[in-house]
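Note sheet for the following structure.
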Amino acid sequence: MLTRREALLGSVLTAAAAAAVVAMPVVASAAEVASLPREKVTLVAPPFVHAHDQVAKGGPKVVEFTMTIEEKPMIIDADGTQLNAMTYNGSIPGPLMVVHQDDYIELTLINPETNTLAHNIDFHAATGALGGGGLTLVNPGEQVTLRFKATRTGTFVYHCAPGGAMIPWHVVSGMSGAVMILPRDGLKDDKGKPVRYDRIFYIGENDFYVPRDEQGKFKKYETAGDNYDDTVKVMRGLIPTHVVFNGKAGSLTGDNAMRAKVGETILIVHSQANRDTRPHLIGGHGDFVWEQGKFANPPAKDLETWFIRGGSAGSALYTFRQPGIYAYVNHNLIEAVELGATAHFVVDGTWDDDLMMQVEAPKPIAS
């Protein structure tokens with residue numbers, strides 16, 4: 001016969017076991033996954049994002065993406081400095097992929113035979129050793145398909161991670177991007193109320209380490225692999241030659257500035273695969289900011305500047321209230337002004353004097 005203590009312990013263990021069963025994720029068989037609806041998505045180059053539903057329609061599905069790796073020279077500043085870039089789909093950063101929690105991401109990664117190096121992809125959103133990196137390593141002339149379940153909501157980095165010293169070299173040559181996994185019922189504010197966005201922009205920040213010659217001029221190389229030794233020496237100094245948004249200083253200014261209207265709510269997804277950064281919207285705020293990028297956590301409110309850890313992506317929601325040109329910067333202002341980490345939003349609408357006005361124009365100081 002059980003003692004009272006044994007019976008109590010047994011009931012506790014039973015309750016704990018039951019709770020564990022409830023907490024365990026539902027595991028789908030291969031046949032069940034195969035029976036799910038499939039959606040094929042064509043990716044678009046940042047800062048734009050492919051069409052998607054903010055609230056999921058129906059149950060989980062398999063979302064198919066295809067990315068082609070491109071090794072190519074890219075100009076990264078107004079002076080014509082060349083980066084021997086490695087890219088996903090030809091852009092820096094690689095495209096943002098958007099799905100909902102419990103969907104499956106199925107990526108076909110293509111490494112054309114015209115490339116010279118092996119590449120892969122490590123998804124921070126994935127569950128499994130190396131984030132899929134060990135299952136996606138492809139040599140030139142090969143392609144591979146990986147599927148993983150989107151179990152956690154939020155914004156997550158992906159990047160190339162072929163092993164050893166190749167990892168940081170490939171990353172600072174441009175090979176990173178982000179995934180956004182939305183809750184099935186959409187985003188929520190700090191009180192759990194639904195929030196929506198009118199537009200979404202994806203900004204990927206990169207630090208580049210371009211070698212210089214004996215005269216101090218930036219060097220150029222023929223192929224992606226030719227600069228390895230020289231670039232690693234610069235990388236080890238931990239001082240970037242460029243810190244830029246979307247692959248080039250000025251890439252999101254002028255004719256390429258991001259556009260919005262007064263009253264529109266904008267979601268900004270910002271990633272940095274290698275270094276810490278601190279985004280700031282000059283003249284605006286983060287109404288709601290998922291600084292760590294994870295939608296299961298309530299957002300912070302009314303931030304002036306937010307912090308994105310190296311190797312992560314965060315997101316900020318803001319409703320523009322005044323027209324004009326807003327600078328969006330890395331608020332290490334040296335990196336923003338001197339190294340290139342500046343973008344612009346051009347906002348159309350009617351000015352509100354109640355929010356800001358020049359009371360008196362400049363004039364000589366009264367004697």
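Restrict the check to the stretch 124-136 and report whether at least one residue is crowded, with 22+ Cβ neighbours inside 10 Å, in the same structural domain as Lys72 (by TED's automatic domain parsing) and part of a strand (DSSP E or B). No: zero hits. Residues in the stretch 223-248 that are under 24 Å from the mean Cα position of the chain (by Cα), assigned to a loop (DSSP other than H, G, I, E, B) and within 12 Å of Leu83 (Cα to Cα): Ala224, Thr241, Gly247, Lys248. Among the residues making up the stretch 251-281, those that are in contact with a His (Cβ under 9 Å, 6 or more places away or on another chain) and touching a residue at least 12 places away in the same chain (Cβ under 8 Å) are Leu252, Thr253, Gly254, Ala257, Met258, Ala273, Asn274, Thr277, Arg278, Pro279, His280.
Within the stretch 103-123, being buried (at least 20 other Cβ atoms within 10 Å of the Cβ) and assigned to a loop (DSSP other than H, G, I, E, B) holds for Asp103, Asn115, Leu117, Asn120, Ile121.
Residues in the stretch 170-188 include at least one that is among the polar types (S, T, N, Q), buried (at least 20 other Cβ atoms within 10 Å of the Cβ) and in a strand (DSSP E or B). Out of curiosity, is Glu335 buried (at least 18 other Cβ atoms within 10 Å of the Cβ), within 17 Å of the chain's Cα centre (by Cα), of a type in the set (Asp, Glu) and under 30 Å from His170 (Cα atoms)? So Glu335 does not fit the description; no.
Exactly one residue among Val329, Val289, Val232 is surrounded by 20 or more Cβ atoms within 10 Å (Cβ to Cβ) and touching a helix residue (DSSP H, G or I) at 6+ places or on another chain (Cβ under 7 Å), and that residue is Val329. Condition first: in contact with a strand residue (DSSP E or B) (Cβ under 6 Å, 6 or more places away or on another chain) and of a type in the set (Phe, Trp, Tyr). Now tell me which residues in the stretch 319-360 satisfy that. Phe320, Tyr326, Tyr328, Phe345, listed by residue number.
State whether the residues of the stretch 142-155 include one that is buried (at least 24 other Cβ atoms within 10 Å of the Cβ) and touching a residue at least 60 places away in the same chain (Cβ under 8 Å). Yes, the conditions are met somewhere in the stretch 142-155. Of all residues in the stretch 189-222, those satisfying the criterion of being surrounded by 14 or more Cβ atoms within 10 Å (Cβ to Cβ), within 23 Å of the chain's Cα centre (by Cα) and not in a loop (DSSP other than H, G, I, E, B) are Arg199, Ile200, Phe201, Tyr202, Ile203, Gly204, Glu205, Asn206, Asp207, Phe208. Within the stretch 54-102, restricting attention to residues that are among the polar types (S, T, N, Q) and either assigned to a strand (DSSP E or B) or not assigned by TED's automatic domain parsing to the domain that holds Pro37 (or both), the residue that is surrounded by the most Cβ atoms within 10 Å (Cβ to Cβ) is Thr87.
Tallying residues that are hydrophobic (A, V, I, L, M, F, W, C) and part of a loop (DSSP other than H, G, I, E, B) within the stretch 263-279 yields 1. Here Phe148 meets the list (1) more than 30 Å from Gln54 (Cβ to Cβ); (2) of a type in the set (Phe, Trp, Tyr); (3) not in a loop (DSSP other than H, G, I, E, B) almost entirely, failing just condition (1).
Looking at Tyr158, Tyr197, Tyr221, just one residue is closer than 30 Å to Gly263 by Cβ and aromatic (Phe, Trp, Tyr), and that residue is Tyr197. Please indicate, with yes or no, whether at least one residue in the stretch 105-119 is touching a residue at least 60 places away in the same chain (Cβ under 8 Å), in contact with a Gly (Cβ under 7 Å, 6 or more places away or on another chain) and acidic (Asp, Glu). Checked the stretch 105-119: no residue is touching a residue at least 60 places away in the same chain (Cβ under 8 Å), in contact with a Gly (Cβ under 7 Å, 6 or more places away or on another chain) and acidic (Asp, Glu).
Of the strands (runs of 3 or more DSSP E) lying entirely inside the stretch 280-367, those carrying at least 1 residues that are touching an Asp or Glu at 6+ places or on another chain (Cβ under 7 Å) are 286-290, 300-303, 312-319, 324-330.
The values are calculated or read from the model by the stated rules, or taken from the named source; none is laboratory data. None of these values were measured; they are calculated from a predicted model. Every residue, glycine among them, receives a Cβ derived from its backbone with ideal geometry; neighbour counts consider all protein chains shown.
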